[in-house]
């Protein structure tokens with residue numbers, strides 16, 4: 001029975017099946033600034049946790065948001081990449097990381113399932129984040145993003161996430 005329970009935990013906590021690409025940060029509910037909707041600054045950040053470059057052409061988000069990576073996007077070892085709802089937004093001029101997009105849809109402020117697949121359809125990451133306890137409340141419209149703590153732990157485990165220590169998160173770092 002113990003083994004079955006452990007397997008259920010990992011299934012429910014998040015599926016990690018393929019490669020060294022990880023969802024590292026999610027800014028699902030940036031606060032509005034004056035007359036500007038915060039949703040214009042939404043992003044999902046990826047990181048290459050491996051030791052070789054990954055060519056992202058054909059990778060795609062199939063749950064939560066819709067985005068297919070075009071040709072020519074390479075993520076070097078240890079490098080970060082931001083998939084932005086509005087990649088032309090001036091906020092991205094403040095960061096030196098690669099920014100791609102726009103993605104279709106909008107990240108749910110109430111939490112949702114996010115799924116990233118490789119070009120063959122194999123699951124790279126598949127998990128559900130949430131905006132209610134026990135998930136970090138600070139990322140729910142107050143300014144911080146949702147940051148992953150460790151790549152070797154399941155993405156769907158709320159213990160593995162925190163609200164960023166700075167407003168607007170830490171895209172690219």
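When you scan region 90-99, do you find a residue that is assigned to a strand (DSSP E or B), surrounded by 13 or more Cβ atoms within 10 Å (Cβ to Cβ) and on the phi < 0 side of the Ramachandran plot, even just one?
Taking region 90-99 and keeping what is assigned to a strand (DSSP E or B), we get 98-99.
Retained after the next criterion (residues that are surrounded by 13 or more Cβ atoms within 10 Å (Cβ to Cβ)): 98-99.
Subset that is on the phi < 0 side of the Ramachandran plot: 98-99.
The answer is yes, given that some residue of region 90-99 is assigned to a strand (DSSP E or B), surrounded by 13 or more Cβ atoms within 10 Å (Cβ to Cβ) and on the phi < 0 side of the Ramachandran plot.
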key: Given (1) exposed (fewer than 15 other Cβ atoms within 10 Å of the Cβ); (2) under 22 Å from residue 152 (Cα atoms); (3) in contact with a strand residue (DSSP E or B) (Cβ under 8 Å, 6 or more places away or on another chain), number of the condition residue 122 does not satisfy   = (3)
inquiry  = Under 6 Å between Cβ atoms, which residue pairs at least 6 apart in sequence (or on different chains) link something in region 138-153 that is without any contact (Cβ under 8 Å) to a residue 40 or more places away in the chain with a partner that is surrounded by 16 or more Cβ atoms within 10 Å (Cβ to Cβ) and in a loop (DSSP other than H, G, I, E, B)?
reply    = 138/144; 144/164
key: Residue selected from region 151-164 under the condition modelled with pLDDT under 95 and either out of contact with any strand residue (DSSP E or B) (no Cβ under 6 Å at 6 or more places or on another chain) or under 21 Å from residue 38 (Cβ atoms) (or both), by the criterion surrounded by the fewest Cβ atoms within 10 Å (Cβ to Cβ)   = 152
key: Options 138, 121, 169: the member that is assigned to a loop (DSSP other than H, G, I, E, B) and either over 28 Å from residue 74 (Cα atoms) or under 13 Å from the mean Cα position of the chain (by Cα) (or both)   = 169
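Among the listed residues 81, 94, 107, which satisfies the condition of being more than 16 Å from residue 31 (Cβ to Cβ) and either touching a residue at least 12 places away in the same chain (Cβ under 8 Å) or within 13 Å of the chain's Cα centre (by Cα) (or both)?
Details: 94 fails: either touching a residue at least 12 places away in the same chain (Cβ under 8 Å) or within 13 Å of the chain's Cα centre (by Cα) (or both); 107 fails: more than 16 Å from residue 31 (Cβ to Cβ).
Going through 81, 94, 107 in turn, just one is more than 16 Å from residue 31 (Cβ to Cβ) and either touching a residue at least 12 places away in the same chain (Cβ under 8 Å) or within 13 Å of the chain's Cα centre (by Cα) (or both): 81.
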task = For residue 56, state whether it is in contact with a strand residue (DSSP E or B) (Cβ under 8 Å, 6 or more places away or on another chain) and closer than 24 Å to residue 110 by Cα.
result = no
request  = Would you check if there is a residue in region 64-76 being surrounded by 17 or more Cβ atoms within 10 Å (Cβ to Cβ), touching a strand residue (DSSP E or B) at 6+ places or on another chain (Cβ under 7 Å) and touching a residue at least 60 places away in the same chain (Cβ under 8 Å)?
outcome  = no
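Restricting attention to region 25-48, and to residues there that are assigned to a loop (DSSP other than H, G, I, E, B) and surrounded by fewer than 17 Cβ atoms within 10 Å (Cβ to Cβ), which single residue is nearest to the chain's Cα centre (by Cα)? Quick ask: steps written out before the conclusion?
So in region 25-48, the residues assigned to a loop (DSSP other than H, G, I, E, B) come out as 28-32, 34-35, 37, 42.
Now drop any that are not surrounded by fewer than 17 Cβ atoms within 10 Å (Cβ to Cβ), which leaves 31-32, 34-35, 37.
Details: 31: 18, 32: 20, 34: 26, 35: 26, 37: 20 Å.
Within region 25-48, the match that is nearest to the chain's Cα centre (by Cα) is 31.
The values are calculated or read from the model by the stated rules, or taken from the named source; none is laboratory data. The shown structure was predicted, so the numbers you read here are calculated from the model rather than taken from an experiment. Glycine gets a Cβ as well: all are built from the backbone with ideal geometry, and neighbour counts include every protein chain shown.
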